[in-house]
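A.B. asks: Have a look at this one.
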Amino acid sequence: MTRKDVKPSEYNQFYSGYLNMIPAETNLIMGFQDNLHAIQTFFNAIPQEKLEYKYDVDKWTVKEVFQHMIDCERVFQFRCFHIARHDKTPLPGFEENDYIAPSKANTKSIETLIGEFTILHKGFIALLQSVSIEDLMQISLVNGAPVSARALAFITLGHYKHHVNIIKQRYL
């Protein structure tokens, strides 16, 4: 299954920017495996003095952005699982800004964050490998809009690309 298989009717248009960051020919499982290594390498290369840098007073640090990426993957993975299991119970949205302070991201080492990401991302890969294409094509409501399990998986990859680009442009 590739990103081009995902139809616009399978996601809220708010997420089209994330999906468009993923090349059309990207295979879902290979995309996750490639992303695993790309994210590990990217965050390992950031200088220590930049990890708690904010480019503006009301913005997150690099560690907080990384924690946000991890937290969103957790949410998207659960949503993907919920929908892939053919559960039609609507799921709520979430307020991402509320998650940062309790995460205490700035007290964690980059090694801890990379470890957390690695375990989570490998878990998402295992989930994707354990379900069928039919399961991934299931659609349910999330935050009031229809979304497929496969769209959520590709959105996750695009979300990582989006934030890596922001870090490169505004933090480094």
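A.B. asks: Treat each spin label as a single point 7 Å out from the Cα along the C-beta direction, and report the residue 120 to residue 49 distance in nm.
C.D. replies: 2.9 nm
A.B. asks: Let me ask something else about it. Need the C-alpha centroid separation for region 90-145 versus region 26-61, integer Å.
C.D. replies: Distance between centres, Cα-based: 15 Å.
A.B. asks: Excluding residues fewer than 8 places away in the same chain, name every one of the lysines whose C-alpha is closer than 19 Å to that of residue 108.
C.D. replies: 50, 54, 59, 63
A.B. asks: Apply 1/(1 + (r/R0)^6) to the Cβ-Cβ distance of residue 86 and residue 41, taking R0 = 30 Å, and write down the FRET efficiency to the nearest 0.05.
C.D. replies: Plugging the Cβ-Cβ distance into 1/(1 + (r/R0)^6) gives 0.25.
A.B. asks: Moving on to the next point. Would you calculate, for the chain, the mean residue ellipticity at 222 nm contributed by helices, counting each DSSP H stretch of 4 or more residues as -39,500 (n - 2.57) and dividing by all residues, to the nearest 500?
C.D. replies: Calculated at 222 nm, the ellipticity per residue is -18500 deg cm²/dmol.
A.B. asks: Taking loop as defined by DSSP and a crowding limit of 14 other beta carbons within 10 Å, which GluC sites (Glu not before Pro) in region 1-51 fit?
C.D. replies: For GluC sites (Glu not before Pro) across region 1-51 that sit outside H, G, I, E and B with at most 14 neighbouring Cβ atoms in 10 Å, the list reads 25.
A.B. asks: Then there is this: Tell me the label-point distance for the pair residue 30, residue 95, using the 7 Å Cα-to-Cβ offset, in nm and rounded to one decimal.
C.D. replies: It is 4.2 nm.
A.B. asks: Starting from 0.36 nm per residue, how many nanometres of slack lie between residue 168 and residue 20 once their C-alpha separation is accounted for?
C.D. replies: Fully extending the segment from residue 168 to residue 20 adds 51.4 nm.
A.B. asks: Hey, another quick one. How about region 63-153: which trypsin sites (Lys or Arg not before Pro) there lie in a loop by DSSP and see at most 15 other Cβ atoms within 10 Å?
C.D. replies: Answer by residue number: 85, 88, 104.
Throughout, read-outs are computed from the coordinates displayed, never taken from laboratory work. As the structure is a prediction and not an experimental result, all values here were calculated from the model. Glycine gets a Cβ as well: all are built from the backbone with ideal geometry, and neighbour counts include every protein chain shown.
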